[in-house]
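**Q** Before I ask anything, here is the structure I am working with.
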Amino acid sequence: MLNESAFVRACRGQEVPHTPVWFMRQAGRSLPEYRKIREGIGMLDSCRRPDLVTEITLQPVRRHDVDAAVLFSDIVVPIAAAGVDLDIVAGTGPVVAEPIRSAGDLDRLRPITAGDVDFVAESVRLLVGELGDTPLIGFAGAPFTLASYLIEGGPSRTYLKTKAMMYGEPQLWHTLLARLAEITQTFLRTQIDAGVSAIQLFDSWAGALSEADYREFVMPHSAEVLGGLADAGVPRIHFGVGTAVLLRAMGEAGADVVGVDWRTPLDRATEIVGPERALQGNLDPAVLFAPWEVVEREARRVLAEGRAAPGHVFNLGHGVLPQTDPEMLTRLVELVHLVSAR
């Protein structure tokens, strides 16, 4: 009766045998097998090796029996391919050697082609062959979040330089984000053409903005990315952190599924987003450090609130924290499947 995966069907608001579940950052530091295989290999190098990407992506599928795999990669991979000198520093995150601060700096950010990220396409093809009926999610960083790294030179808590350009040099700002939108769309299209079943656009730091600023300075560029993939036939998920006031606008940017962090109950998020879009989320990752009875209670609450949405993909409200006990994730997947079985 159900000829597509539960994950894809939930994204489309269709009938599902159970609520599907996957976890952002499920392939990563919480798994001892991941830490072992990554020993001595830099993050960017890891992302460029299809054999390694394949194994790392498969690890949580084997261990947790999640309903979808997510490609092991990083949001800065396409801007590195575009010519930006950067590194992903352990314990810090992406660090850009020469931040973009002027119009002349834009010359260091060229358009990319599928050939520039052929290692990603090869990874996807290998994974599709290995995963069988389990869907694979591709992803990319949204223009605003990528711009914040490029302008700040690395992670930031205040985004002062980013907002200074946004407010003070709007023409330069829009030129930069338009270029990033083009790069991001090419990166996602490459993954789709290689066989991913869905894509997620991470605007991780959009929560630093007001709704008015988001709509003026950010939304047109995210809409360019998502709208440009409307013909691809795969669900498009849009996610950010601290985005309670932005949820409606993020849906309007072109999402089929709006990712919700742990701060907004899913039934409330449905009222904000509207009945035409599915939701993804939204257990607080920190709950996984509490006793199991607390995890079970909170997971049941999320499932109950998620029933208000036309479709619900169970996830955390942000990524799996490195110190998380993998056994807790495995038990959580089992619980979600059991409680939500139709």
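A short reminder: the numbers here are calculations on the coordinates, not readings from a lab. Here the structure is a predicted model, which means the values were calculated and not measured. Here the Cβ positions follow ideal geometry from the backbone for every residue, glycine too, while neighbour counts run over all protein chains shown.
**Q** Compute the angle between helix 326-340 and the longest alpha-carbon principal axis of the chain, please, reported from 0 to 90 degrees and rounded to the nearest 10.
**A** Long axis of 326-340 versus the principal axis of the chain: about 60 degrees.
**Q** If you don't mind, there's one more thing I want to ask. Would you list TRP173, TRP292 from fewest to most Cβ contacts within 10 Å?
**A** The fewest-first ordering by Cβ neighbours comes to TRP292, TRP173.
**Q** If you filter the stretch 243-342 for GluC sites (Glu not before Pro), then keep DSSP loop positions with at most 11 other Cβ within 10 Å, what is left?
**A** Taking the stretch 243-342 and a limit of 11 other Cβ atoms within 10 Å, the loop GluC sites (Glu not before Pro) found are GLU276.
**Q** Here's a follow-up. Taking θ as phi - 60°, what are the ³J(HN,Hα) couplings along the stretch 283-289 by the Karplus curve (6.51, -1.76, 1.60), each to the nearest whole Hz, with x for Gly and Pro?
**A** Coupling constants for the stretch 283-289: 5, 4, x, 6, 4, 5, 9 Hz.
**Q** Now for a different question. Give the calculated FRET efficiency between ASP105 and ALA230 to the nearest 0.05, with a Förster radius of 30 Å applied to their Cβ-Cβ distance.
**A** 0.40
**Q** Here is a follow-up. Within the stretch 80-181, which GluC sites (Glu not before Pro) sit in a loop by DSSP and count at most 14 neighbouring Cβ atoms inside 10 Å?
**A** On the way: sites: GLU122, GLU130, GLU152; in loops: none.
Of the GluC sites (Glu not before Pro), not one in the loops of the stretch 80-181 has a Cβ with at most 14 other Cβ atoms within 10 Å.
**Q** Something else: List the residues whose amide H sits under 5 Å from the amide H of GLN200, counting only those 5 or more places along or on another chain, with H placed 1.01 Å from N in the peptide plane.
**A** The list, which skips near neighbours in sequence, is GLY138, PHE139, ALA140, ILE237.
**Q** So, counting K/R as plus one and D/E as minus one, what does the shell of residues with Cβ under 15 Å around ASP105 add up to? Let's see the in-between values first.
**A** Working: positive: ARG101, ARG108, ARG110, LYS161, ARG179; negative: ASP85, GLU98, ASP107, GLU152, GLU169.
Once all neighbours under 15 Å are counted, the net charge is 0.
**Q** So, counting K/R as plus one and D/E as minus one, what does the shell of residues with Cβ under 13 Å around ARG248 add up to? Numbers along the way, then the final one.
**A** Numbers: positive: ARG215, ARG268, ARG277; negative: GLU211, GLU252, GLU271, GLU276.
In short, -1.
**Q** How big is the chain in terms of Cα radius of gyration and Dmax, in angstroms?
**A** 18.9, 57
**Q** What residue among ILE75, ILE183, ILE41 has the largest mean-square fluctuation in a Gaussian network model of the chain, using Cα springs under 10 Å?
**A** Of ILE75, ILE183, ILE41, the most mobile in the Gaussian network model is ILE41.
**Q** Okay, next question. Can you work out ³J(HN,Hα) from phi for every residue in the stretch 216-233, in order, using Karplus 6.51 cos²θ - 1.76 cosθ + 1.60 and θ = phi - 60°, giving whole Hz and x for Gly and Pro?
**A** Calculated HN-Hα couplings, in order: 7, 9, 10, 3, x, 7, 5, 5, 5, 5, 5, x, x, 10, 4, 8, 7, x Hz.
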